[in-house]
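To keep things clear, I will list the structure first and then write my remarks on it.
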Amino acid sequence: MSQIYKLPLVLEPQPEGGYTVTCPLLPELITEGDNVQDALQNANDALTAIVEGLATLGKSMMTLNYSEGA
């Protein structure tokens, strides 16, 4: 069963063209694209990779806590 995650994304236009995408709630998510559509697709791909990596470590998105050790 697939999960649906709703996360805020920041798309920042780059002077050389394209967009950088970051997520304030998920620092691991950073990607880029030549246009908004590509940038959002790449963000989706990056999120998929993060979720798969967490699963490999026996963790989930729901267990992340970035305030630990802060």
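The values are calculated or read from the model by the stated rules, or taken from the named source; none is laboratory data. Since the model is a prediction, treat every value here as computed from it, not as a measurement. Cβ placement follows ideal geometry from the backbone for every residue including glycine, while neighbour counts extend to all protein chains displayed.
Screening the range 1-50 for residues that are out of contact with any helix residue (DSSP H, G or I) (no Cβ under 6 Å at 6 or more places or on another chain) and of a type in the set (Ser, Thr, Tyr) and picking the one that is nearest to residue 62 (Cα to Cα) gives 5. Taken over the range 24-46, the criterion of being among the hydrophobic types (A, V, I, L, M, F, W, C) and modelled with pLDDT under 95 is satisfied by 25, 26.
Taking the criterion of being at positive phi and loosely packed, with under 11 Cβ neighbours inside 10 Å, the only residue of the range 4-28 that qualifies is 17.
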